[in-house]
1. Return a yes/no flag: does region 70-82 have any residue that is at pLDDT below 95, more than 18 Å from residue 174 (Cα to Cα) and not in a helix (DSSP H, G or I).
2. Please go through region 6-22 and give me each residue that is under 15 Å from residue 187 (Cβ atoms) and in contact (Cβ under 8 Å) with a residue 60 or more places away in the chain, ordered by number.
3. When you scan region 197-215, do you find a residue that is over 25 Å from residue 34 (Cα atoms), surrounded by fewer than 15 Cβ atoms within 10 Å (Cβ to Cβ), within 23 Å of the chain's Cα centre (by Cα) and in contact (Cβ under 8 Å) with a residue 60 or more places away in the chain, even just one?
4. Could you grab me the full set of residues in region 58-73 that are touching a helix residue (DSSP H, G or I) at 6+ places or on another chain (Cβ under 6 Å) and either surrounded by 13 or more Cβ atoms within 10 Å (Cβ to Cβ) or within 13 Å of residue 92 (Cα to Cα) (or both)?
5. Only one residue in 36, 30 is at pLDDT 95 or above and surrounded by fewer than 17 Cβ atoms within 10 Å (Cβ to Cβ). Which one?
6. Filter region 164-188 down to the residues that are farther than 11 Å from residue 21 by Cα and outside any helix (DSSP H, G or I) and list them by number.
7. For residue 95, only one of the following conditions fails: (1) surrounded by fewer than 20 Cβ atoms within 10 Å (Cβ to Cβ); (2) modelled with pLDDT of 95 or more; (3) within 18 Å of residue 161 (Cβ to Cβ). What is its number?
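The values are calculated or read from the model by the stated rules, or taken from the named source; none is laboratory data. For clarity, every value in this text was computed on a predicted model and none was experimentally measured. Neighbour counts are summed over all protein chains in view; Cβ atoms, including those assigned to glycine, are modelled from backbone coordinates with ideal geometry.
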């Protein structure tokens, strides 16, 4: 292995992670959670049409590859007159994908809250929306932290797919340097180790967060 190349390329790869991978992950996850909450509420709706829309969304997102979703948005939409730059295309694709997976997590978390909590809200005069916002969601959030954290960590790795639609993030930087030096194994292995390091740190944060939240759970 060319260690000098590893040292020389470390800066560009870390910069790609700082300005590409990490922002793309944070923005897509935040938007995806908003979408997920909306879809979860649709899935739980008593209205069969709204419930069907929620189920259909989850089915389509979970039943198609993320790579195909990226291609549909970046390469497919222009044929319909909608042209998007690489970065917003990636954000849209990743957000929609997170929304599909996280929706089921949030729905399950909401359903895990005892029905008596809803009734408690009603007895003190809260509306359905207020009860959901002030009583149900805070409790559901605690339950959903572990699986949502796993989704976040997976998204960090998935952002490498953005390189196929010309987004300059860490893996794209590795591809550019490898194309010039022809040291593909060295550069790709270095990128893999950086992804691993980021995910290891996030897993440690997740573990600490779960332990803190566990203090408030009755055993």
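1. yes
2. Within region 6-22, 6, 9, 10, 12, 13, 14, 15, 16, 17 meet the criteria.
3. Checking region 197-215: not a single residue is over 25 Å from residue 34 (Cα atoms), surrounded by fewer than 15 Cβ atoms within 10 Å (Cβ to Cβ), within 23 Å of the chain's Cα centre (by Cα) and in contact (Cβ under 8 Å) with a residue 60 or more places away in the chain.
4. Hits for region 58-73 are 58, 61, 66, 67, 69, 70, 73.
5. None of the other options fit; the residue is 30.
6. Of everything in region 164-188, those that are farther than 11 Å from residue 21 by Cα and outside any helix (DSSP H, G or I) turn out to be 166, 182, 183.
7. With respect to (1) surrounded by fewer than 20 Cβ atoms within 10 Å (Cβ to Cβ); (2) modelled with pLDDT of 95 or more; (3) within 18 Å of residue 161 (Cβ to Cβ), residue 95 is out only on (1).
Every residue, every condition in (1) loosely packed, with under 14 Cβ neighbours inside 10 Å; (2) over 23 Å from the mean Cα position of the chain (by Cα); (3) closer than 28 Å to residue 43 by Cα; (4) in contact (Cβ under 8 Å) with a residue 40 or more places away in the chain, yes or no:
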residue: 126; (1), (2), (3), (4): no, yes, yes, no
residue: 138; (1), (2), (3), (4): yes, no, yes, no
residue: 141; (1), (2), (3), (4): no, no, yes, no
residue: 153; (1), (2), (3), (4): no, no, yes, yes
residue: 164; (1), (2), (3), (4): no, no, no, yes
residue: 174; (1), (2), (3), (4): no, no, no, yes
residue: 178; (1), (2), (3), (4): no, yes, no, no
residue: 194; (1), (2), (3), (4): no, no, no, yes
